[in-house]
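For reference, the structure discussed in these notes is given below.
Every read-out reported here was derived from the displayed coordinates using simple, explicitly stated rules and does not represent laboratory data. Fair warning: this is a prediction, and the values are worked out from it, not measured in the lab. As a convention, Cβ positions derive from the backbone with ideal geometry for all residues, glycine included, and neighbour counts pool all protein chains shown.
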Amino acid sequence: MNNKTLAIIKPDAVRDNYIGEIITLITKAGFKVKAMKMMQLTTDVAKAFYAVHKERPFYNDLVEYMTSGPCVPIALEKENAVEDYRKLIGATDPAEAAEGTVRKLYAKSKAFNAVHGSDSDANAEIEISFFFSKEELINNYPA
Ligand code: ATP
Ligand code: MG
């Protein structure tokens, strides 16, 4: 599997009303939306999603940020999805993100950085399953 990735429009970008603009950049870059929902993460869900970062000094702040309002997880499909999507969103810190990238345009800081993207094919699969059931993922997008 090398054609899927999980995006999340994070709470700061939802609050700032950037959902539409970010999805437009994503779809104009050739990604197909396979499944999408808007949801408020509970602390337990945010902790579980970011468990890989639990030893990092910013873990508690990250969980607080991700539960500060609704977010929009999106399962995306495209050839070379993980790499192409990370290129589209730019570096974690918007100060280092290339011109025209989602984070350059919409992120406030390294901590409040507007969007998430899976970092490997294996994690994309885990993360998509974390947010979407099998039923939500089948038969709902054009071939
Ligand atoms: P994401 O996983 O959200 O796509 P990323 O892979 O670019 O982002 P990670 O290293 O996985 O970055 O960090 C996960 C998230 O934790 C970042 O997107 C950011 O919101 C937050 N974060 C990362 N580094 C820091 C930091 N030094 N200080 C505060 N928050 C941070
Ligand atoms: Mg990451």
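Helices in the chain, meaning DSSP H runs of at least 4 residues, each add -39500 (n - 2.57). Divided by all residues, the mean residue ellipticity at 222 nm is -10500 deg cm²/dmol.
Past the 27 Å Cα-Cα mark, which pairs from Lys104/Lys134; Lys4/Lys28; Lys34/Lys87? From the list (Lys104/Lys134; Lys4/Lys28; Lys34/Lys87), the Cα-Cα distance tops 27 Å for Lys104/Lys134. Judged by the ratio a/c of the largest to the smallest principal axis of the C-alpha gyration tensor, region 1-46 counts as oblate, that ratio being 1.5 or greater while a/b is no larger than b/c. As a proxy for reagent exposure, Val52, Val33, Val72 were ordered by neighbouring Cβ count within 10 angstrom, fewest first; the result is Val52, Val33, Val72. Per residue, the convex hull spanned by the alpha carbons of region 32-140 comes to 112 Å³.
About the centre of its Cα atoms, the chain shows a dipole size close to 200 debye [charges on the beta carbon of Lys, Arg (+1) and Asp, Glu (-1) only; nearest 20 debye]. Taking the charge dipole of the chain about its Cα centre, with +1 at Lys and Arg Cβ atoms and -1 at Asp and Glu Cβ atoms, the residue from Asn80, Leu137, Met39 reaching farthest to the positive side is Met39. Working from Cα pairs under 8 Å separated by at least six residues, relative contact order for the chain is 37 percent.
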